[in-house]
Amino acid sequence: MDGADDGKVIRVELYKLNVYGKGSFFKSHKDTPRGEAMFGSLVVVFPTAHEGGALVLQHDNKEWTFDSAALTKAEEESSIAYIAFYSDVDHEVTPVTSGHRVALTYNLFFEDKKLYAKLPMSVEPVAPDEDRIEAALSAALANPDFLPQGGYLGSGLSFKYPISQYSTPSITVLKGSDAAIHRACQRLSLKPSLYVVYDTDDVSVLVPAQNTLHNGELENDITVLLCEECDGRIIHEFGASKPNCDYDDFDYDIIRLAWVTPLTQYFTFQSDYIAHGNEATAAYIYGDLCLAVKVGPYGDRRAGYEYVMDSILENRSSEEDGDNSGEENDDTAEEDVEEEAVTEGDSAEDDGEQTAQEEHGVH
């Protein structure tokens, strides 16, 4: 496992006992996650005499072979052989040619607890690529020609996660290189989140993962639905020409986005909605999960995150004010109008600062 200051405790649950006799094998497959916290499997092979039955793993066009028969046979003392791998790794057991291959399979789950309080002092998790990722991100953000007016950094995911369109994804499920990129952003005081990229016929739309489209109703254009109902933003990839889109009937945002790692299809899922034409019909669109973070303009990269948080707090405050306004009487409303007039005069300086931010590309 790769290391992190906020590491997690791993919970191990026995899943099954497998006994493979001569001629037994298991075709290539992926393990089915049994809960959102499950991230991998542990296989322990006993030192029973056998030949064949190697475990072959494949991921990202790479292949590894775990030959438990050869490993246990090479030991002078009777010893077990074990291997752990992520749930989305394809794996198969080759045919056993003699003897019996006896193995226990365990499911591995993350627990929401600190890891370092549980580890012996001599055990230190290692993340060999994290410093290099941070250095590359830092160099890019220090370049005045890279997203000069601010925008988003995006990263395609290298692993699959047990998430559906009906569940709210958690950033804590990230693993491997995905988790390393997330932590590298955090070390640069950036706050990445999970997003979904939907490709329509004309454009790509970035939608917060908690707002994924499901069971929406489409009156005209799918892009309109994604932007208005799911808080989506049309993507203008950094270094590419501006997308062709002409929507005069609704307000939409176009964001500049630079892919740190290419968008992948390791995690693609289907979002359903109702399309209204001559009659209502069931339709769907595919989305790809990714990691993204908003950054400010050159010289103030953290402004992107701070602006996002200010907007969230402002929206919550507005919603609360709206809920309370129905209970106010006319006298209270008049007092609010007078208070607003005073506030406008006092906040001219704040408005000036916000205008300056907008001129620097913070939207």
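The values are calculated or read from the model by the stated rules, or taken from the named source; none is laboratory data. Model, not experiment: these values are computed from the prediction. Every residue, glycine among them, receives a Cβ derived from its backbone with ideal geometry; neighbour counts consider all protein chains shown.
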Condition first: surrounded by 15 or more Cβ atoms within 10 Å (Cβ to Cβ), among the small types (Gly, Ala, Ser) and part of a strand (DSSP E or B). Now tell me which residues in the stretch 9-41 satisfy that.
40, 41
Criterion first (closer than 26 Å to residue 90 by Cα, among the acidic types (Asp, Glu) and at pLDDT 70 or above) does residue 288 satisfy it?
yes
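Anything in the stretch 42-51 that is surrounded by 20 or more Cβ atoms within 10 Å (Cβ to Cβ) and not hydrophobic (A, V, I, L, M, F, W, C)? List them, or say none. Steps first, answer last, please.
Quick first cut of the stretch 42-51, residues surrounded by 20 or more Cβ atoms within 10 Å (Cβ to Cβ) only: 43, 45, 50.
Within the stretch 42-51, just 50 meets the criteria.
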Among the residues that make up the stretch 159-176, is at least one of them crowded, with 20+ Cβ neighbours inside 10 Å, assigned by TED's automatic domain parsing to the domain that holds residue 228 and modelled with pLDDT of 90 or more?
no
Just a yes or no: is a residue in the stretch 126-135 part of a loop (DSSP other than H, G, I, E, B), more than 20 Å from residue 40 (Cα to Cα) and modelled with pLDDT under 95?
yes
Would you check which residues across the stretch 185-199 are more than 9 Å from residue 293 (Cβ to Cβ) and among the polar types (S, T, N, Q) and list them?
186, 189
Select, from 184, 240, 179, the only residue that is at pLDDT 90 or above and out of contact with any strand residue (DSSP E or B) (no Cβ under 8 Å at 6 or more places or on another chain).
184
